[in-house]
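Here the structure comes first, spelled out in structure tokens, and everything after it is commentary.
The values are calculated or read from the model by the stated rules, or taken from the named source; none is laboratory data. Not measured: the values here are computed from a predicted model. Note that each Cβ is placed from the backbone with ideal geometry, even for glycine, and that neighbours are counted across all protein chains shown.
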Amino acid sequence: MNNKLRRSMLYIPANNPAMIQDAFIYGADTILFDLEDSIAISEKDAARELLIEALNSLNFNNTEIAVRINSLDSKFGLKDLKSIVPIGPDIIRIPKIETKEQIIKIDKLITKLERKANLQPGFIEIMAMIETAKGVLNLEKIVASSERLSALTLGAEDLTTDMGIKRTSLGRELFLTRSKIALVAAAYKINAIDTVFSDFNDLNGLKKETLQSKELGFTGKAVIHPRQVDIVNHVFTPSQEEIEDAKEIVRQASQAEEFGKGVIAVKGKMVDLPILNRAKEIINKYEKREVIK
Amino acid sequence: MHNYGYNLFQKKDILKNQESIIFKNLSEAIERSEIKDGMTISFHHHYRDGDLLLNMVMDLLAEKGLKDLILVVTSLRNHHKLGNHIKNGVINKIYTTGLRGKLGKLIKKGIMDHPVVFYSHGGRAAAIASGRIKVDIAFIAASIADQFGNINGVLGKSICGSLGYAKVDATYAKTVIAVVEKIASRPLEIVSIPQKHVDYIVQIDKIGESNKIATGSLRQQSNTRDLSIARQVAEVIISLENFKDGYSLQTGSGSISLGVNSFIENFMINKKIKGNFLLGGVTADHVNMLKKGLFNKIYDTQTFHPDAIESLKNNVHHQEIDAVTYASPFNKRALVNYLDFVVLSALEIDLNFNVNVLTAANGDFYGAIGGHSDTAAGAKVSIVTAPSYRGRIPSITEQVKTIVTPGHTIDILVTERGVAVNPARKDLLDQLKTNSKINLKKINRIYDEVIELTGKPEEVNHTGKVVGLVEYRDGSLIDVIYGEEL
């Protein structure tokens, strides 16, 4: 289990060469190449071939690479998995997960494919897309079923369709699901990635929805347009003040430890272990990088 | 033919002069100017692709049988018709800041006896003001004139805004013919070029197409790659010490520059920073920033948008300036020397930060120097932007095909793959390291990445005669351009 910095995941249709080669320049934490819904049935093979070539030959500046494959219930899913695993993407996003059995099966399959490709077994992480009511009910069992599973994500369109309801701008219909995904992800220390905001011209709407996601406990959000990356990254990044506070907490805590003091207070607030751990995590993830490549 | 000193004229001469200043016919005015073979004549591009005057005058001069004229223009755009005049010996030599399209292809083929001389806006202004280039007759397009010969580009019908480049010629040319669409019924309230510099006025039906002043280098900023570069440029600017109250900025008119404006505007509002002046070519974004009080002043050499024309006409803080004031290297108080930041584009930039904005990878003429080398030399921080490759052609090269702006005047390169700082500017590098949003890389690293992607293109090296001379802003020769072998 891990909990990486995955604030923004930028969807890139795997059949568009220009978009693929420039995918990393927008600052998304993860590039999410899509073989599923953005690719027409007639383009599935071409997109897969193109993506294999691209991942084998292009340099994405160390950006995390995810691939969304087709559902294993479709005739493309298995083929996708077999072709994509040997290239060794960081994470594979698997749609329509509703039982732990599916995850166990996929985990075994990936392990087999990893061995065949001389990859360290367990190298590739998986991200489960929850898109059905049944999937929501089985969330905890799903997450507990594989060490590879490092992120949960919501497929809102399919879920509302499954439930026979409509998506609204308020999003009340997804409240329980979102909360549950965030809760389970937090319990297992994995990422919770929220669904996309489709109107890429409405940047205010995106910001509002992203703030709500963050409040509920999501750690990131999928985006469908480069313009959305900055806003999502911004929302999921602590402010400079929060980072400074975190540093202060860690500094005082280590001093306290040195002098054998127990509980400390910073800025008039008690700092206990969870707060200290949170502060360390913030510094770990967000402190300024000063690296020249 | 300026005649200063009132005692030189007899009263009858004065009366005669007053009667004859306005012509209804371009041909008559040209006759009156006593143009001769081999003279130097000048034109300007303030109507950009909407310019009608240059072709009109050259056709007339050809008809009149003139030969061996020297053309001193600010830029050439839709002027492929000049090809015939070159072939027929009407035009003998050309000075310009830019060349492209069909005319560029013809010149590359070697149809001229003399190479075209390329200069910057500041270099041109300096050459004319210092007398190195002596203009015999300046033809100046303007939308309106009054009975005394005052002209401007902001009143009347076909308006264009600033006449900044033409102001220099008006001051120094021996004869000035202003060609206008309208004669005002009363003395002009706005004077761009004053009557003392104008010898003749010609009124014609249509002087230019106002709706085309925004074409050319101004492209829409819908390209997400360009926007990401613009975003990085803005991050660079706000991270540097010079970004503070009273700073000054020139962003130009490329699509990336247009994106930079909107990002910078937001940063200025958020950080409550108020700049002093904006300089150069003026777009609607610049006008908005002035209106919002983000800058004290716009100094306008060239106007790129109807809103900017409106602003120049009505806002006293939006001021038209001539090219000497803008960028002449011989003017120590040229405004480029007061710039904190300039954002420039590039067709090619090499590992030594030399920039080419004149010739494309296939050797075609494909651009203009404009104020590139002037602002790069003057500004405290010069930032060059370019996508790291276009189509399949890398923009970063080992050596640029044509040096227009020397690398020692370029401080920072921003591409979508990262930001490279000229090693000579370690001070800037140190300041940029504090912003984790800036993806700092060495220029060689960006070059390697791009070459890995595109492969190294075979170089197109023309081996024909020299068809172009590139002057640096002080008039020294900085590079030559070879034509195709015939």
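Hey, any hits in region B:378-397 for a residue that's under 17 Å from B:GLY475 (Cα atoms) and buried (at least 24 other Cβ atoms within 10 Å of the Cβ)? Can you show your working first?
Step one: list which residues in region B:378-397 are under 17 Å from B:GLY475 (Cα atoms), which gives B:378.
Okay, now just the ones that are also buried (at least 24 other Cβ atoms within 10 Å of the Cβ), so B:378.
Yes, region B:378-397 contains a residue that is under 17 Å from B:GLY475 (Cα atoms) and buried (at least 24 other Cβ atoms within 10 Å of the Cβ).
Of the residues that sit in region A:196-210 and are outside any helix (DSSP H, G or I) and among the acidic types (Asp, Glu), which one is farthest from A:ASP230 (Cα to Cα)? Step through it out loud before you land on a result.
From region A:196-210, those outside any helix (DSSP H, G or I) are A:196-202; that's our starting set.
Pick out the ones that are also among the acidic types (Asp, Glu) and you get A:199, A:202.
On the way: A:ASP199: 15, A:ASP202: 14 Å.
Looking at the filtered set, the residue picked out is A:ASP199.
Keeping to region A:56-76, report how many residues are within 18 Å of A:TYR11 (Cβ to Cβ) and more than 14 Å from chain B (Cβ to nearest Cβ).
9
Restricting attention to region B:284-338, report how many residues are free of Cβ contacts under 8 Å to residues at least 60 places away in the same chain, aliphatic (A, V, I, L, M) and out of contact with any strand residue (DSSP E or B) (no Cβ under 9 Å at 6 or more places or on another chain).
Qualifying residue count for the region: 2.
Being within 14 Å of another protein chain (Cβ to nearest Cβ) and either exposed (fewer than 15 other Cβ atoms within 10 Å of the Cβ) or closer than 24 Å to A:GLY27 by Cα (or both): is that true of A:LEU203 here? Explain how you work it out, then say what you get.
Values: within 14 Å of another protein chain (Cβ to nearest Cβ): yes; either exposed (fewer than 15 other Cβ atoms within 10 Å of the Cβ) or closer than 24 Å to A:GLY27 by Cα (or both): yes.
Against the criterion (within 14 Å of another protein chain (Cβ to nearest Cβ) and either exposed (fewer than 15 other Cβ atoms within 10 Å of the Cβ) or closer than 24 Å to A:GLY27 by Cα (or both)), A:LEU203 qualifies.
Checking the structure you have, find out if any residue of region A:153-173 is under 13 Å from the mean Cα position of the chain (by Cα), under 21 Å from A:ARG278 (Cα atoms), crowded, with 21+ Cβ neighbours inside 10 Å and in contact (Cβ under 8 Å) with a residue 24 or more places away in the chain.
First pass over region A:153-173, keeping only residues under 13 Å from the mean Cα position of the chain (by Cα): A:153-155.
Imposing the further condition that a residue be under 21 Å from A:ARG278 (Cα atoms) reduces the set to none.
Within region A:153-173, none of the residues are under 13 Å from the mean Cα position of the chain (by Cα), under 21 Å from A:ARG278 (Cα atoms), crowded, with 21+ Cβ neighbours inside 10 Å and in contact (Cβ under 8 Å) with a residue 24 or more places away in the chain.
Conditions tested, residue by residue: (1) over 27 Å from A:GLU209 (Cα atoms); (2) out of contact with any Leu (no Cβ under 8 Å at 6 or more places or on another chain).
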{"position": "A:PHE236", "(1), (2)": "no, yes"}
{"position": "A:ALA253", "(1), (2)": "yes, no"}
{"position": "A:LYS261", "(1), (2)": "yes, yes"}
{"position": "A:ALA265", "(1), (2)": "yes, yes"}
{"position": "A:PRO274", "(1), (2)": "yes, yes"}
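Being more than 22 Å from B:LEU227 (Cβ to Cβ) and crowded, with 18+ Cβ neighbours inside 10 Å is true for just one of A:ALA40, A:ALA47. Which residue is that?
Values: A:ALA40 fails: crowded, with 18+ Cβ neighbours inside 10 Å.
That would be A:ALA47, the only listed residue that is more than 22 Å from B:LEU227 (Cβ to Cβ) and crowded, with 18+ Cβ neighbours inside 10 Å.
Restricting the search to region B:188-224, which residues are in a helix (DSSP H, G or I), at pLDDT below 95 and surrounded by 15 or more Cβ atoms within 10 Å (Cβ to Cβ)? Show your work before the answer.
So the first thing to find is which residues in region B:188-224 are in a helix (DSSP H, G or I), and the list is B:195-197, B:210-212, B:224.
Next, only the ones that are at pLDDT below 95 stay: B:210-212, B:224.
Hits for region B:188-224 are B:SER210, B:LYS212, B:THR224.
Just one of B:TYR47, B:TYR4 is among the aromatic types (Phe, Trp, Tyr) and at pLDDT below 90; which is it? Give the derivation first.
Numbers: B:TYR47 fails: at pLDDT below 90.
On inspection, the qualifying residue turns out to be B:TYR4.
What residue, of B:LYS426, B:LYS437, B:LYS433, is at pLDDT below 90, farther than 30 Å from B:THR74 by Cα and within 14 Å of chain A (Cβ to nearest Cβ)?
Details: B:LYS426 fails: at pLDDT below 90; B:LYS433 fails: at pLDDT below 90.
Answer to the selection: B:LYS437.
With region B:49-137 as the region, which strands (runs of 3 or more DSSP E) entirely inside it contain at least 2 residues that are touching a helix residue (DSSP H, G or I) at 6+ places or on another chain (Cβ under 8 Å) and free of Cβ contacts under 8 Å to residues at least 60 places away in the same chain? Full working, then the answer.
Details: elements: B:69-73, B:91-96, B:116-118.
In region B:49-137, B:69-73, B:91-96 are the strands (runs of 3 or more DSSP E) which contain 2 or more residues that are touching a helix residue (DSSP H, G or I) at 6+ places or on another chain (Cβ under 8 Å) and free of Cβ contacts under 8 Å to residues at least 60 places away in the same chain.
In region B:359-403, which residue that is hydroxyl-bearing (Ser, Thr, Tyr) and without any contact (Cβ under 8 Å) to a residue 60 or more places away in the chain is nearest to B:PRO329 (Cα to Cα)? Explain how you work it out, then say what you get.
Of all residues in region B:359-403, those hydroxyl-bearing (Ser, Thr, Tyr) come to B:359, B:366, B:373, B:375, B:382, B:385, B:388-389, B:395, B:397, B:402.
Then keep just the ones that are without any contact (Cβ under 8 Å) to a residue 60 or more places away in the chain; that gives B:382, B:395, B:397.
Details: B:SER382: 16, B:SER395: 28, B:THR397: 28 Å.
Checking each candidate, the answer is B:SER382.
Starting from residues that are part of a loop (DSSP other than H, G, I, E, B) and more than 25 Å from the chain's Cα centre (by Cα), keep the ones in region B:143-187 and report whichever is nearest to B:MET39 (Cα to Cα). Working first, answer last.
First, pick out the residues of region B:143-187 that are part of a loop (DSSP other than H, G, I, E, B): B:146-150, B:153-163, B:173-174, B:184-187.
When the remaining residues are screened for being more than 25 Å from the chain's Cα centre (by Cα), the result is B:146-149, B:184-187.
Values: B:ASP146: 28, B:GLN147: 28, B:PHE148: 27, B:GLY149: 24, B:ALA184: 32, B:SER185: 34, B:ARG186: 35, B:PRO187: 33 Å.
Restricting to residues being part of a loop (DSSP other than H, G, I, E, B) and more than 25 Å from the chain's Cα centre (by Cα), the top hit is B:GLY149.
What's the number of the only condition in (1) within 14 Å of chain B (Cβ to nearest Cβ); (2) within 24 Å of A:LEU159 (Cβ to Cβ); (3) buried (at least 17 other Cβ atoms within 10 Å of the Cβ) that A:VAL196 fails to meet?
(1) is the only condition that A:VAL196 fails.
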